[in-house]
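**Q** The structure follows.
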Amino acid sequence: MLVLAIDTSTPAVTAGLVALDGDALESRGDRVTVDPRAHGELITPHALEAVKAAGVTLRDLDAIVCGVGPGPFTGLRAGMATAASLAHALGIPAYPVCSLDAIAADVAPGEAPFLVLTDARRREVYWAAYAADGARTDGPNVERPGDLKTTIKVAAGDGALLYADALGVQPIEPRFPSPIGLVKAARKDFGEEPAPLTPLYLRRPDAVEPAARKKVTTS
């Protein structure tokens, strides 16, 4: 099974081809650029380059996995629109996955619970808590780092690096979702009808429609 994995929920513009053979996952070609302003510009080229690097064509794909956040409105829209368009054109399913779960799927196995935190801007973080086996136990949520009350001492994601002191946590890898992590988080749904690609914004978009202009009257 060949799966194209896409994520634009963080500053990393991520696309990669993953081959699935039973429980075994193999990366066949990744394209990742860390640039929070380049999601719309790079995600489609990255997806096409990843497929080409794997030595296959789009017609060889069996499914698409797309990180649906939480993340900023503009970035999420770019990745999800690309995933939806490719899935529709190819007639294959597109599976949504929480991007925090994809990061958690790549955390090295251990004996302690952990957090995953990503930068939500506005001096906030998107976060979720996970048991030692990687099962999500809380979240996803958005909160100021100083308001997040937790006894967990380790955290993955770029938000953990940014706010380690405020949170009192030890940052661990990874920082961003990987294609392998995205597929790990989604594969339990393979073979089923995929849920809609619904973005996890957790708050209103930064951009809002301007208010109606006030009428000007003269005496």
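**Q** Once phi is turned into θ = phi - 60°, what whole-Hz ³J(HN,Hα) does the Karplus curve with 6.51, -1.76 and 1.60 give for every residue of the stretch 98-103, x standing for Gly and Pro?
**A** For the stretch 98-103, the Karplus curve yields 5, 5, 5, 5, 5, 5 Hz.
**Q** Then there is this: Keeping all protein chains in place, calculate the accessible area per residue for the stretch 1-98 (probe 1.4 angstrom), answer in Å².
**A** Result: 41 Å² of accessible area for each residue.
**Q** Same structure again: With a cut-off of 8 Å between alpha carbons and a minimum separation of six or more residues, what is the relative contact order of the stretch 107-171 in percent?
**A** Across the stretch 107-171, relative contact order equals 32 percent.
**Q** Protein chains only, probe 1.4 Å: how do 162, 76, 202 rank by accessible area, largest first?
**A** Working: 162 105, 76 0, 202 75 Å².
Ranked list, largest accessible area first: 162, 202, 76.
**Q** Any chance you could run the full-extension gain for residue 202 through residue 190? It's 0.36 nm times the residue separation minus the Cα-Cα distance, nm to one decimal.
**A** Full extension from residue 202 to residue 190 adds 1.7 nm.
**Q** Now a separate question. Provide the packing ranking of 79-86, 189-196, i.e. peptides ordered by the mean count of other C-beta atoms within 10 Å per residue, highest first.
**A** Working: 79-86: 21.2, 189-196: 11.9.
So the peptides 79-86, 189-196, ranked by packing, come out 79-86, 189-196.
**Q** How high is the relative contact order of the chain, given as a whole-number percent (alpha carbon pairs under 8 Å, six or more residues apart)?
**A** Answer for the chain is 21 percent.
**Q** Around residue 141, under 12 Å between beta carbons, what's the net of Lys plus Arg minus Asp minus Glu among the other residues?
**A** Neighbourhood net charge equals 0.
**Q** Using a/c under 1.5 as the rounded threshold, could you call the chain rounded, prolate or oblate? The axes a ≥ b ≥ c are square roots of the C-alpha gyration tensor eigenvalues, and prolate needs a/b larger than b/c, oblate otherwise.
**A** oblate
**Q** With the dipole of the chain worked out from charges on the C-beta (+1 for Lys and Arg, -1 for Asp and Glu) around the Cα centre, which of 93, 57, 160 lies farthest toward the positive end?
**A** Highest projection toward the positive end goes to 160.
**Q** Scan around residue 169 for amide H atoms under 5 Å from its own, H built in the peptide plane at 1.01 Å from N, and keep only partners 5 or more places away or cross-chain.
**A** The list, which skips near neighbours in sequence, is empty: none.
**Q** Over the chain, how many pairs of lysines fall under 29 Å by alpha carbon, counting only those 8 or more apart in sequence or from different chains?
**A** Lysine pair count for the chain: 5.
**Q** Okay, moving on. Under a point-charge model restricted to the Cβ atoms of Lys and Arg (+1) and Asp and Glu (-1), what is the dipole moment magnitude of the stretch 85-191 relative to its Cα centre, in debye to the nearest 20?
**A** So the dipole magnitude of the stretch 85-191 works out to roughly 160 debye.
The values are calculated or read from the model by the stated rules, or taken from the named source; none is laboratory data. Since the structure is predicted, the reported quantities are computational estimates derived from the model, not experimental observations. Backbone-built Cβ (ideal geometry, glycine too); neighbour counts: all protein chains shown. Heads up: the accessible areas ignore ligands, DNA and RNA and are worked out on the full protein's heavy atoms, side chains in. Shrake-Rupley method; radii C 1.70, N 1.55, O 1.52, S 1.80 Å.
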